[in-house]
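Structure, as structure tokens:
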Amino acid sequence: MSSLSAAIQDVFNEPGCAKNANKSEAERKKGCTKQLQPGSAAGGCAFDGAKIALQPFTDVAHLVHGPIACEGNSWDNRGAASSGASIWRTGFTTDMNETDIVFGGEKRLYHAIREIVEKYNPTAIFVYQTCVPAMIGDDINAVCKAASQKFGKPVIPINSPGFVGPKSLGSKLAGEALLEHVIGTEEPDHTTPYDINLIGEYNLSGELWQVKPLFDELGIRILSCISGDGKYREVASSHRARAAMMVCSKAMINVARKMEERYGIPFFEGSFYGIQDSSDSLREIARLLVERGAPEDLIERTEAVIAREEARVWAAIEPYKPRFSGKRALLITGGVKSWSVVAALQEAGLELIGTSVKKSTKEDKERIKERMGQDAHMIEDMKPREMYKMLKDAKADIMLSGGKSQFVALKAAMPWLDINQERYHAYMGYVGMVKLVEEIDKALFNPMWEQLRRSAPWDDTANNRQLKAIAQTDALAAEIAADPALADTTRRAKKICFCKEVNLGTIEDAIRSHGLTSIEAVRRHTDAVGGCCKRRIEDILVAMPVSSPPAMLQAAE
Amino acid sequence: MAQNAEHVLDHFELFRGPEYQQMLDNKKKMYENPRDPAEVERIREWAKTPEYREKNFAREALTVNPAKACQPLGAVFASVGFEGTLPFVHGSQGCVAYYRSHLSRHFKEPSSCVSSSMTEDAAVFGGLNNMIDGLANSYNMYKPRMIAVSTTCMAEVIGDDLNAFIKTSKEKGSVPAEFDVPFAHTPAFVGSHVTGYDNALKGILEHFWDGKAGTTPKLERTPNEKINFIGGFDGYTVGNLREIKRIFELMGIQYTILADNSDVLDTPTDGEFRMYDGGTTLEDAANAVHAKATISMQQWCTEKTLPFISDHGHEVVAFNYPVGVSATDEFLMALSRISGKDIPDKLARERGRLIDAMADSNAHIHGKKFAIYGDPDLCYGLAAFLLELGAEPIHVLSTNGNKAWEAKLRALFAGSSFGQNCHAYPGRDLWHMRSLLFTEPVDFLIGNTYGKYLERDTGTPLIRIGFPIFDRHHHHRYPVWGYQGSMNILVKILDAIFEDIDKKTNVAGKTDYSFDIIR
């Protein structure tokens, strides 16, 4: 087994990832997250995942080994901010050509590394593997090793060619590369009892800097941030931190967990989106540090800072209350952010009428219920048309979302504010929440939405596209309502497992006829993978009465 | 010597050489009565204060850096829009040279126009002889289909009677009796180039419709389905009129563009010099009286023409340089109402695209503050569009705007929550604008090329929209009317916003952490 497939297997075995831990041996082998479906729209590849995870290391030259496709379309595409070096923004690639593909690209890669060393002399070079050289068998590990020795400089292979899987896998493979080649290879100049690592924080739009002053004030030192505004030396010596925070995403959970395992650095998963979350995260950091031997007063000092900052931010949000009163918002975004900004928005006076839970965990959903009430719309995988109707029916005044949903929002003629990554404003920390509220205010009151809502003056009702689309959906809904059989067919046709296209009816039938009670059992009796659809199957199991096989069936047996 | 024949330096490099710098320094010291630099600096700073602004706005007699030009310029602009028409300005030739260079510098095209070259004698004894000779010469030399006469101040001050002069000239055989010589009195001491446009156009229509100065019977209106279109004085006439024709054709409306100068101000380079090109045919100009309606895109460019047309029995509709969704909607709805034709799907889609673009970028424009100056209608149209985008047109200044214009803008501001801090300044100049920009700063300035001095002095980035644009080429070829034209304005504004962000984030190692590829 090559080192790459070993690394992939290792990532799939990641015990920190609840999803993977619940898979069967066979499924784990099959792969992480959703299987890509040929012919359907898909997100970024493993290379992209690795690249965006590591690109924010600022004093590193990021060299992409492959034809122009990979780096040509991706260099400097993320607004991570750097406090110093800028070499991370320079696009380095071997730009492989036909000859390289026939005769192998290793030599070219080696020369490219040499030229970077000669002309730029960066602290380190990260070499990214891509599909083509991986397929022709270029051994970038060997080239990097040789180059490292020859030039006396860290040359780190990042083995995550696009074809191995999706973006999230790539991020984890990037983490593996750090664990294998970088972390623990150097020692910090000095250590303090207040040293922490931030893992999975990218300093987009300089967000981290909005929080850092609070750390500075408390005397907490970010020994290493992986990877926003990160330096090679910092991550190389990050194994001396006392505690770690995994920021927001599970993308690098393997790094956090393995550092705990290898170096005894405890970590927690936290977020700086939202006021409560910021406070919780600061508290947790202080608690972990004190547990690891930092002076006790840190906790008290942290509480003081939290109290001050919270008071400040609530005061800043206060003036928006009258403007937001009666305004309804929909929040469409993945995972943690969904519930973490809810409190702040509610405090600002917005009524939240729904949020997406596509990427949320069960706990996330519980939190949402807690904060928004039982009736909150929880939007899962939704067809654009359904989403459109829901937006329209909900009569929301604004939709807060990541870039992908904007199009539906716009077609549904609804104001929209981007709160995901490719945005211009930084929303992290206490200050960030005020900024978010300010931006929501602007979006809500922008007069151009009037144009969006209003149809063209010459449009009569019969000819209005929006109304037509709604009428179509409504007609369908009416038809379903009128015909119980059709309603049931429609209900049962709902896809539960997207990978294997297993619908609700099939699963319900299996549960009913075999008296299934666990996901494992459902998996055995249907084609459902039980990976990304695990939570949906759980919900079905909860919703179905725990039943022994029906009497008829028993009789038959 | 910094300069040598092997490698000739351009002026902006050459005079930075030490010997020239020395020379200029010496001249300053010895002959230019230099002031104490600290005192100069103090005054410079003082000129930025509210105190200075008050004095500046108390100015009564002096106009400093005017944002308007004179009537005959507008007359020439309108006249060249007719088939084979030579603008003939009765007055001094120096003025005419200005109109030609002004138009040439903006449109990057030759500008054909003659004058009667009045001199001192003419000023004393009247310009009749100049008219007689002038018409004869230009008729023979330039073979026009029509000569459109306007005037400079000189002729107006001595009171030359164009009607009588032209009649006499015809009697004396300067031009054939049946040759079309419409005329308009266009003194620069009244109004501005927009007034001149109005007068010249009215003069031409009057000529054809009202019996050619008493030589033929007046036209009897026999209504048809056509719509007349008047663009007004417009720096974007080339792109705009082509866009308007496209819209008319898409809607299937029969139309006559009056004063269609889109071809003569944009002739191809193909080996042939076209002194005249395209334009409204004289026949169409005459037949325009039969139309169902006349639409003017600029109310203040047609203040006299529209009532004149209306008196001849058909409907007139005026807009104020419509830009943006609502304004274009209104324009198209008017076309649709008058013609009875539907808005075609193609235009509906263009509308949707404009809204889409506005939605995509709204966050960047939202709440940005703008100062605008220019012709009255242009100012109004841009201010309305900015309000639609959620921006604030804080200062709107028009040297040739009047009280009625101010009132109309006030009503516009009152209708939008983004207009609450906005003010209109009629009759003010660019030195007033300078005080406004210093004392109530804005994010961007919209104006013509002359705005670059304000940009330099106040640091307010200039978005070049207006007339004249001398220092940027070819913008006049792109429309700013219709949904597609509005898109061009939107892009211009956005470009400026993003360039400004880049400029503020491009210091290596200091601010470039935000020097991003994706905005």
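The values are calculated or read from the model by the stated rules, or taken from the named source; none is laboratory data. The model shown is predicted, which means the values in this text are computed figures rather than measured ones. Note that each Cβ is placed from the backbone with ideal geometry, even for glycine, and that neighbours are counted across all protein chains shown.
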TODO: With respect to B:G324, determine if the residue is within 14 Å of chain A (Cβ to nearest Cβ) and at positive phi.
DONE: yes
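Could you pull out the residue among B:M131, B:M141 that is crowded, with 21+ Cβ neighbours inside 10 Å, outside any strand (DSSP E or B) and of a type in the set (A, V, I, L, M)?
Details: B:M141 fails: crowded, with 21+ Cβ neighbours inside 10 Å.
Unique residue meeting the criteria: B:M131.
Residue check: is B:R16 assigned to a helix (DSSP H, G or I) and outside the structural domain of B:D429 (by the TED database)?
no
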Task: Residue within region B:189-207 that is surrounded by fewer than 16 Cβ atoms within 10 Å (Cβ to Cβ) and of a type outside the set (G, A, S) present - done: yes
Open item on the list: Going residue by residue through region B:415-429, is there one that turns out to be surrounded by 16 or more Cβ atoms within 10 Å (Cβ to Cβ), part of a helix (DSSP H, G or I) and not assigned by the TED database to the domain that holds B:L241?
Closed with: yes
- [ ] Select, from B:P66, B:P110, the only residue that is at pLDDT below 95 and under 16 Å from the mean Cα position of the chain (by Cα).
- [x] B:P66
Open item on the list: So for region B:338-347 (the condition being over 28 Å from the mean Cα position of the chain (by Cα) and basic (K, R)), does at least one residue qualify?
Closed with: yes
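Residue by residue, here is whether (1) among the hydroxyl-bearing types (S, T, Y); (2) farther than 23 Å from A:M414 by Cα; (3) more than 10 Å from chain A (Cβ to nearest Cβ) holds:
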{"residue": "B:K346", "(1), (2), (3)": "no, yes, yes"}
{"residue": "B:M358", "(1), (2), (3)": "no, no, no"}
{"residue": "B:G381", "(1), (2), (3)": "no, yes, yes"}
{"residue": "B:A384", "(1), (2), (3)": "no, no, yes"}
TODO: Could you grab me the full set of residues in region B:328-344 that are within 13 Å of another protein chain (Cβ to nearest Cβ), under 30 Å from B:W209 (Cβ atoms) and not basic (K, R)?
DONE: B:E330, B:F331, B:L332, B:M333, B:A334, B:L335, B:S336, B:S339, B:G340
Task: Qualifying positions in region B:82-101 - in a strand (DSSP E or B) and hydrophobic (A, V, I, L, M, F, W, C) - done: B:F82, B:L86, B:F88, B:V89
TODO: Output the number of residues of region B:337-350 satisfying the condition of being surrounded by fewer than 20 Cβ atoms within 10 Å (Cβ to Cβ) and either in contact with a Leu (Cβ under 6 Å, 6 or more places away or on another chain) or within 17 Å of B:E225 (Cα to Cα) (or both).
DONE: 8
Task: Number of the condition not met by B:T302 [criteria: (1) surrounded by fewer than 19 Cβ atoms within 10 Å (Cβ to Cβ); (2) more than 10 Å from chain A (Cβ to nearest Cβ)] - done: (1)
Task: Filtered residues of region B:153-201 (kept if part of a loop (DSSP other than H, G, I, E, B) and touching a Pro at 6+ places or on another chain (Cβ under 6 Å)) - done: B:T186
- [ ] State whether the residues of region B:72-81 include one that is outside any helix (DSSP H, G or I), modelled with pLDDT of 95 or more and within 24 Å of B:P468 (Cα to Cα).
- [x] yes
Task: region B:307-318, residues that are touching a helix residue (DSSP H, G or I) at 6+ places or on another chain (Cβ under 6 Å) and either under 23 Å from B:W405 (Cβ atoms) or not assigned by the TED database to the domain that holds B:F233 (or both) - done: B:F308, B:V316, B:V317, B:A318
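Take B:A334 and decide whether it is buried (at least 20 other Cβ atoms within 10 Å of the Cβ) and more than 19 Å from B:F77 (Cβ to Cβ).
No, not satisfied.
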TODO: May I ask you to list the residues in region A:479-505 that are part of a helix (DSSP H, G or I) and in contact with a strand residue (DSSP E or B) (Cβ under 8 Å, 6 or more places away or on another chain)?
DONE: A:R492, A:L504
TODO: Collect the residues in region A:252-270 that are assigned to a helix (DSSP H, G or I) and surrounded by 23 or more Cβ atoms within 10 Å (Cβ to Cβ), keeping them in residue-number order.
DONE: A:I253, A:N254, A:V255, A:A256, A:M259
Task: Matching residues, region B:498-519, being surrounded by 12 or more Cβ atoms within 10 Å (Cβ to Cβ) and within 11 Å of chain A (Cβ to nearest Cβ) - done: B:F498, B:I501, B:T505, B:T511, B:D512, B:Y513, B:S514, B:F515, B:D516, B:R519
Open item on the list: I'd like to check something: does region B:382-391 contain any residue that is farther than 20 Å from B:V491 by Cβ and in the same structural domain as B:T449 (by the TED database)?
Closed with: no
TODO: Answer yes or no as to whether B:V316 is surrounded by 19 or more Cβ atoms within 10 Å (Cβ to Cβ) and part of a strand (DSSP E or B).
DONE: yes
TODO: For region B:404-453, enumerate the residues that are within 14 Å of another protein chain (Cβ to nearest Cβ) and either of a type in the set (F, W, Y) or at positive phi (or both).
DONE: B:F413, B:F418
Open item on the list: Among the residues of region A:85-93, are any more than 14 Å from chain B (Cβ to nearest Cβ) and surrounded by fewer than 19 Cβ atoms within 10 Å (Cβ to Cβ)?
Closed with: no
Task: Number of positions in region A:215-261 that are in contact (Cβ under 8 Å) with a residue 40 or more places away in the chain, in contact with an Asp or Glu (Cβ under 7 Å, 6 or more places away or on another chain), of a type in the set (A, V, I, L, M) and more than 21 Å from A:R78 (Cβ to Cβ) - done: 2
Task: Set A:S168, A:S205, A:S160: member being within 24 Å of A:G79 (Cβ to Cβ) and within 14 Å of chain B (Cβ to nearest Cβ) - done: A:S205
Open item on the list: Being in contact (Cβ under 8 Å) with a residue 60 or more places away in the chain, assigned by TED's automatic domain parsing to the domain that holds A:A61 and part of a loop (DSSP other than H, G, I, E, B) narrows it down to one residue among A:D95, A:D138; which is it?
Closed with: A:D138
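One line per residue, one yes/no per condition, for (1) crowded, with 24+ Cβ neighbours inside 10 Å; (2) under 20 Å from the mean Cα position of the chain (by Cα); (3) not assigned by TED's automatic domain parsing to the domain that holds A:A50:
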residue	(1), (2), (3)
A:G165	yes, yes, no
A:G170	yes, yes, no
A:W209	no, no, yes
A:K212	no, no, yes
A:L218	no, no, yes
A:A241	yes, no, yes
A:M245	yes, yes, yes
A:K250	no, yes, yes
